[in-house]
Amino acid sequence: MDLLKELYDYREMIVALVHRDLKGRYKGSVLGFAWTFVNPLLQLCVYTLVFSVIMRNGIEDYYLFLFVTLVPWIFFSTSVSAGSTCIRSQGGMLTKIYFPREVIPISFVTSQFVNMALSLIVVFVVLLLSPRGLNPIALLYLPLVMIIEYIMALGMTMIISALTVYFRDLEYLMNVVTMAWQFLTPVMYGIDSVPEKLRFVFNLNPMSSVMIAYRDILYYGQAPDLKTLIVAVIFGIVVMLVGVKVFGRLKKHFAEVM
(Lines give C-alpha, C1' and ligand atoms only; values in the text may rest on other atoms or scores of the structure.)
Protein backbone atom coordinates (compact mmCIF):
# COMPACT_ATOMS: atom_id res chain seq x y z
CA MET A 1 0.00 0.00 0.00
CA ASP A 2 2.89 2.36 0.76
CA LEU A 3 4.31 1.68 -2.69
CA LEU A 4 0.97 2.36 -4.37
CA LYS A 5 0.61 5.62 -2.45
CA GLU A 6 4.13 6.70 -3.43
CA LEU A 7 3.51 5.83 -7.09
CA TYR A 8 0.29 7.84 -6.98
CA ASP A 9 2.26 10.82 -5.64
CA TYR A 10 4.61 10.50 -8.65
CA ARG A 11 1.81 10.02 -11.20
CA GLU A 12 2.73 13.24 -13.02
CA MET A 13 6.26 11.94 -13.52
CA ILE A 14 4.88 8.71 -15.02
CA VAL A 15 2.64 10.68 -17.38
CA ALA A 16 5.56 12.92 -18.38
CA LEU A 17 7.82 9.95 -19.15
CA VAL A 18 5.09 8.24 -21.19
CA HIS A 19 4.49 11.46 -23.14
CA ARG A 20 8.22 11.88 -23.76
CA ASP A 21 8.57 8.32 -25.04
CA LEU A 22 5.56 8.57 -27.38
CA LYS A 23 6.62 11.97 -28.67
CA GLY A 24 10.25 10.98 -29.23
CA ARG A 25 9.59 7.59 -30.80
CA TYR A 26 9.23 8.89 -34.37
CA LYS A 27 10.94 12.23 -33.90
CA GLY A 28 12.61 13.41 -37.09
CA SER A 29 10.64 11.10 -39.40
CA VAL A 30 8.45 12.49 -42.16
CA LEU A 31 5.24 10.76 -41.08
CA GLY A 32 5.92 11.20 -37.37
CA PHE A 33 3.24 9.72 -35.09
CA ALA A 34 1.33 8.43 -38.13
CA TRP A 35 3.76 5.51 -38.15
CA THR A 36 1.71 4.13 -35.24
CA PHE A 37 -1.04 3.39 -37.77
CA VAL A 38 1.12 2.86 -40.87
CA ASN A 39 3.22 0.08 -39.29
CA PRO A 40 0.34 -2.32 -38.59
CA LEU A 41 -1.17 -1.56 -42.02
CA LEU A 42 2.11 -2.45 -43.74
CA GLN A 43 2.35 -5.64 -41.69
CA LEU A 44 -1.21 -6.51 -42.69
CA CYS A 45 -0.32 -6.09 -46.37
CA VAL A 46 2.76 -8.33 -46.01
CA TYR A 47 0.91 -11.10 -44.18
CA THR A 48 -1.97 -10.94 -46.64
CA LEU A 49 0.47 -11.38 -49.55
CA VAL A 50 2.47 -14.17 -47.90
CA PHE A 51 -0.28 -16.26 -46.32
CA SER A 52 -3.19 -15.59 -48.68
CA VAL A 53 -1.37 -15.63 -52.01
CA ILE A 54 2.07 -17.28 -51.75
CA MET A 55 1.78 -19.73 -48.81
CA ARG A 56 -1.89 -20.59 -48.79
CA ASN A 57 -3.07 -21.62 -45.34
CA GLY A 58 -6.08 -23.81 -44.60
CA ILE A 59 -7.41 -21.32 -42.03
CA GLU A 60 -10.08 -19.00 -43.38
CA ASP A 61 -8.95 -15.34 -43.52
CA TYR A 62 -5.61 -16.36 -42.06
CA TYR A 63 -4.24 -12.84 -42.29
CA LEU A 64 -6.94 -11.74 -39.81
CA PHE A 65 -6.41 -14.88 -37.73
CA LEU A 66 -2.78 -13.82 -37.31
CA PHE A 67 -3.23 -10.05 -37.20
CA VAL A 68 -5.57 -9.99 -34.19
CA THR A 69 -2.92 -11.68 -32.03
CA LEU A 70 0.20 -10.25 -33.66
CA VAL A 71 -0.50 -6.67 -32.48
CA PRO A 72 -0.93 -7.70 -28.81
CA TRP A 73 2.10 -9.97 -29.05
CA ILE A 74 4.28 -7.14 -30.38
CA PHE A 75 3.26 -5.09 -27.34
CA PHE A 76 4.24 -7.87 -24.95
CA SER A 77 7.51 -8.86 -26.65
CA THR A 78 8.64 -5.23 -27.05
CA SER A 79 7.86 -4.52 -23.39
CA VAL A 80 9.95 -7.49 -22.27
CA SER A 81 12.87 -7.33 -24.73
CA ALA A 82 13.31 -3.56 -25.19
CA GLY A 83 12.18 -3.00 -21.59
CA SER A 84 15.10 -5.07 -20.32
CA THR A 85 17.31 -1.95 -20.58
CA CYS A 86 14.79 0.62 -19.37
CA ILE A 87 16.48 0.90 -15.93
CA ARG A 88 20.02 1.06 -17.30
CA SER A 89 19.07 3.68 -19.87
CA GLN A 90 17.93 5.97 -17.06
CA GLY A 91 21.13 5.49 -15.05
CA GLY A 92 21.90 9.22 -14.93
CA MET A 93 18.52 10.04 -13.46
CA LEU A 94 18.75 7.21 -10.94
CA THR A 95 21.98 8.50 -9.47
CA LYS A 96 20.89 12.14 -9.26
CA ILE A 97 17.35 12.30 -7.92
CA TYR A 98 15.06 10.17 -5.79
CA PHE A 99 11.82 8.73 -7.10
CA PRO A 100 10.22 5.28 -6.87
CA ARG A 101 12.29 3.13 -9.20
CA GLU A 102 9.09 1.38 -10.30
CA VAL A 103 8.19 4.56 -12.18
CA ILE A 104 10.59 3.63 -15.00
CA PRO A 105 9.19 0.21 -16.01
CA ILE A 106 5.63 1.45 -15.45
CA SER A 107 6.11 4.41 -17.80
CA PHE A 108 7.90 2.26 -20.40
CA VAL A 109 5.24 -0.46 -20.49
CA THR A 110 2.45 2.12 -20.44
CA SER A 111 3.85 3.86 -23.52
CA GLN A 112 3.98 0.50 -25.32
CA PHE A 113 0.41 -0.18 -24.19
CA VAL A 114 -0.82 3.14 -25.60
CA ASN A 115 0.90 2.32 -28.89
CA MET A 116 -0.85 -1.08 -28.97
CA ALA A 117 -4.23 0.50 -28.20
CA LEU A 118 -3.78 2.87 -31.15
CA SER A 119 -2.68 0.00 -33.41
CA LEU A 120 -5.83 -1.91 -32.47
CA ILE A 121 -7.82 0.88 -34.14
CA VAL A 122 -6.36 -0.35 -37.44
CA VAL A 123 -7.38 -3.90 -36.52
CA PHE A 124 -10.95 -2.73 -35.80
CA VAL A 125 -11.18 -0.91 -39.13
CA VAL A 126 -9.91 -3.95 -41.05
CA LEU A 127 -12.35 -6.25 -39.24
CA LEU A 128 -15.25 -3.89 -39.91
CA LEU A 129 -14.40 -3.87 -43.60
CA SER A 130 -14.10 -7.66 -43.67
CA PRO A 131 -17.03 -10.11 -43.77
CA ARG A 132 -16.33 -11.06 -40.14
CA GLY A 133 -17.13 -7.67 -38.65
CA LEU A 134 -17.12 -7.07 -34.89
CA ASN A 135 -19.36 -8.45 -32.16
CA PRO A 136 -20.21 -5.60 -29.70
CA ILE A 137 -20.98 -8.09 -26.92
CA ALA A 138 -17.63 -9.85 -27.31
CA LEU A 139 -15.83 -6.48 -27.38
CA LEU A 140 -17.01 -5.84 -23.80
CA TYR A 141 -14.42 -8.40 -22.69
CA LEU A 142 -11.57 -6.73 -24.61
CA PRO A 143 -10.63 -4.11 -21.95
CA LEU A 144 -10.32 -6.88 -19.34
CA VAL A 145 -8.00 -8.94 -21.56
CA MET A 146 -5.92 -5.85 -22.36
CA ILE A 147 -5.56 -5.03 -18.66
CA ILE A 148 -4.53 -8.61 -17.91
CA GLU A 149 -1.87 -8.46 -20.62
CA TYR A 150 -0.68 -5.07 -19.35
CA ILE A 151 -0.26 -6.46 -15.83
CA MET A 152 1.58 -9.50 -17.17
CA ALA A 153 3.87 -7.40 -19.37
CA LEU A 154 4.62 -5.02 -16.49
CA GLY A 155 5.45 -7.88 -14.13
CA MET A 156 7.82 -9.48 -16.65
CA THR A 157 9.44 -6.14 -17.50
CA MET A 158 10.05 -5.39 -13.83
CA ILE A 159 11.78 -8.76 -13.38
CA ILE A 160 13.92 -8.59 -16.53
CA SER A 161 14.85 -4.88 -16.25
CA ALA A 162 15.98 -5.34 -12.64
CA LEU A 163 18.05 -8.43 -13.44
CA THR A 164 19.65 -6.76 -16.48
CA VAL A 165 21.17 -4.10 -14.23
CA TYR A 166 23.28 -6.87 -12.66
CA PHE A 167 23.52 -9.31 -15.59
CA ARG A 168 23.89 -7.20 -18.72
CA ASP A 169 23.99 -10.16 -21.11
CA LEU A 170 20.25 -10.54 -20.52
CA GLU A 171 19.73 -7.58 -22.87
CA TYR A 172 20.90 -9.71 -25.79
CA LEU A 173 19.47 -12.98 -24.52
CA MET A 174 15.93 -11.59 -24.31
CA ASN A 175 15.75 -11.05 -28.07
CA VAL A 176 16.25 -14.79 -28.55
CA VAL A 177 13.93 -15.67 -25.66
CA THR A 178 11.03 -13.56 -26.97
CA MET A 179 11.47 -15.00 -30.47
CA ALA A 180 11.31 -18.57 -29.09
CA TRP A 181 8.45 -17.56 -26.81
CA GLN A 182 6.42 -16.42 -29.82
CA PHE A 183 6.69 -19.88 -31.40
CA LEU A 184 5.55 -21.45 -28.12
CA THR A 185 2.51 -19.15 -28.01
CA PRO A 186 -0.55 -19.60 -30.27
CA VAL A 187 0.06 -16.41 -32.24
CA MET A 188 0.63 -17.85 -35.72
CA TYR A 189 -1.45 -20.97 -35.17
CA GLY A 190 -4.43 -22.13 -33.13
CA ILE A 191 -4.11 -24.10 -29.91
CA ASP A 192 -6.12 -26.90 -31.60
CA SER A 193 -3.19 -27.61 -33.93
CA VAL A 194 -0.91 -28.43 -30.98
CA PRO A 195 -0.62 -32.21 -30.36
CA GLU A 196 -2.56 -33.30 -27.29
CA LYS A 197 0.51 -34.67 -25.53
CA LEU A 198 2.30 -31.31 -25.83
CA ARG A 199 -0.65 -29.12 -24.94
CA PHE A 200 0.24 -29.04 -21.24
CA VAL A 201 3.44 -27.15 -22.14
CA PHE A 202 1.40 -24.47 -23.90
CA ASN A 203 -1.01 -24.32 -20.97
CA LEU A 204 1.93 -23.45 -18.71
CA ASN A 205 2.72 -20.48 -20.96
CA PRO A 206 1.08 -17.42 -19.34
CA MET A 207 0.60 -15.75 -22.74
CA SER A 208 -1.32 -18.66 -24.30
CA SER A 209 -4.58 -17.87 -22.51
CA VAL A 210 -4.23 -14.16 -23.35
CA MET A 211 -3.72 -14.81 -27.09
CA ILE A 212 -6.63 -17.27 -27.15
CA ALA A 213 -8.88 -14.64 -25.53
CA TYR A 214 -7.87 -11.98 -28.09
CA ARG A 215 -8.59 -14.36 -30.96
CA ASP A 216 -11.97 -15.38 -29.51
CA ILE A 217 -13.04 -11.75 -29.21
CA LEU A 218 -11.68 -10.30 -32.46
CA TYR A 219 -11.50 -13.20 -34.93
CA TYR A 220 -14.30 -15.52 -33.83
CA GLY A 221 -16.47 -12.69 -32.52
CA GLN A 222 -17.39 -14.51 -29.34
CA ALA A 223 -16.93 -14.07 -25.59
CA PRO A 224 -13.77 -15.79 -24.29
CA ASP A 225 -14.22 -19.06 -22.46
CA LEU A 226 -14.57 -18.44 -18.71
CA LYS A 227 -11.80 -20.93 -17.96
CA THR A 228 -9.48 -19.08 -20.34
CA LEU A 229 -10.19 -15.77 -18.59
CA ILE A 230 -9.68 -17.23 -15.13
CA VAL A 231 -6.34 -18.78 -16.14
CA ALA A 232 -5.23 -15.46 -17.70
CA VAL A 233 -6.19 -13.52 -14.54
CA ILE A 234 -4.34 -15.96 -12.27
CA PHE A 235 -1.21 -15.89 -14.43
CA GLY A 236 -1.35 -12.08 -14.63
CA ILE A 237 -1.61 -11.64 -10.84
CA VAL A 238 1.14 -14.18 -10.13
CA VAL A 239 3.57 -12.64 -12.65
CA MET A 240 2.86 -9.15 -11.30
CA LEU A 241 3.36 -10.15 -7.66
CA VAL A 242 6.64 -11.89 -8.49
CA GLY A 243 7.74 -8.85 -10.50
CA VAL A 244 7.03 -6.46 -7.62
CA LYS A 245 8.86 -8.73 -5.18
CA VAL A 246 11.96 -9.23 -7.35
CA PHE A 247 12.14 -5.57 -8.33
CA GLY A 248 11.74 -4.49 -4.71
CA ARG A 249 14.67 -6.68 -3.66
CA LEU A 250 17.02 -5.62 -6.45
CA LYS A 251 16.25 -1.89 -6.71
CA LYS A 252 18.11 -1.06 -3.48
CA HIS A 253 21.50 -1.25 -5.19
CA PHE A 254 20.68 0.10 -8.65
CA ALA A 255 22.56 3.36 -8.13
CA GLU A 256 25.67 1.53 -6.89
CA VAL A 257 25.84 -0.84 -9.86
CA MET A 258 25.25 1.83 -12.54
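Identify all residues within region 101-137 that are surrounded by fewer than 17 Cβ atoms within 10 Å (Cβ to Cβ), assigned to a helix (DSSP H, G or I) and more than 11 Å from the chain's Cα centre (by Cα); write none if there are none.
If the condition is that a residue be surrounded by fewer than 17 Cβ atoms within 10 Å (Cβ to Cβ), assigned to a helix (DSSP H, G or I) and more than 11 Å from the chain's Cα centre (by Cα), then Leu118, Ile121, Phe124, Val125, Leu128, Leu129, Pro136, Ile137 are the ones that fit.
For region 94-110, which positions are among the hydroxyl-bearing types (Ser, Thr, Tyr) and under 14 Å from Arg11 (Cα atoms)?
Answer for region 94-110, where residues must be among the hydroxyl-bearing types (Ser, Thr, Tyr) and under 14 Å from Arg11 (Cα atoms): Ser107, Thr110.
Starting from residues that are closer than 18 Å to Lys96 by Cα, of a type outside the set (A, V, I, L, M, F, W, C) and surrounded by fewer than 16 Cβ atoms within 10 Å (Cβ to Cβ), keep the ones in region 244-258 and report whichever is modelled with the highest pLDDT.
Lys252
Please verify whether region 208-218 includes one or more residues that are surrounded by fewer than 17 Cβ atoms within 10 Å (Cβ to Cβ) and out of contact with any Ser or Thr (no Cβ under 8 Å at 6 or more places or on another chain).
no
With the structure loaded, tell me whether Leu94 is buried (at least 16 other Cβ atoms within 10 Å of the Cβ), of a type outside the set (Ser, Thr, Tyr) and either more than 24 Å from Ile237 (Cβ to Cβ) or in contact with an Asp or Glu (Cβ under 7 Å, 6 or more places away or on another chain) (or both) or whether it fails that test.
In short, yes.
Report yes if some residue within region 182-190 is out of contact with any Gly (no Cβ under 7 Å at 6 or more places or on another chain), over 21 Å from Thr228 (Cα atoms) and aromatic (Phe, Trp, Tyr); otherwise report no.
no
Within region 75-106, track down each residue that is closer than 19 Å to Glu171 by Cα and of a type in the set (Ser, Thr, Tyr).
Ser77, Thr78, Ser79, Ser81, Ser84, Thr85, Ser89
What helices (runs of 4 or more DSSP H) lie completely within region 166-258 and have 3 or more residues being in contact with a helix residue (DSSP H, G or I) (Cβ under 8 Å, 6 or more places away or on another chain) and of a type in the set (A, V, I, L, M, F, W, C)?
So the answer is 170-183, 206-218, 226-250, 254-257.
Answer yes or no: is there a residue in region 231-241 that is surrounded by 13 or more Cβ atoms within 10 Å (Cβ to Cβ), touching a residue at least 12 places away in the same chain (Cβ under 8 Å) and closer than 19 Å to Leu64 by Cα.
Scanning region 231-241 turns up no residue that is surrounded by 13 or more Cβ atoms within 10 Å (Cβ to Cβ), touching a residue at least 12 places away in the same chain (Cβ under 8 Å) and closer than 19 Å to Leu64 by Cα.
The values are calculated or read from the model by the stated rules, or taken from the named source; none is laboratory data. Predicted model only: the values in this text are computed from it and were never measured. Note that each Cβ is placed from the backbone with ideal geometry, even for glycine, and that neighbours are counted across all protein chains shown.
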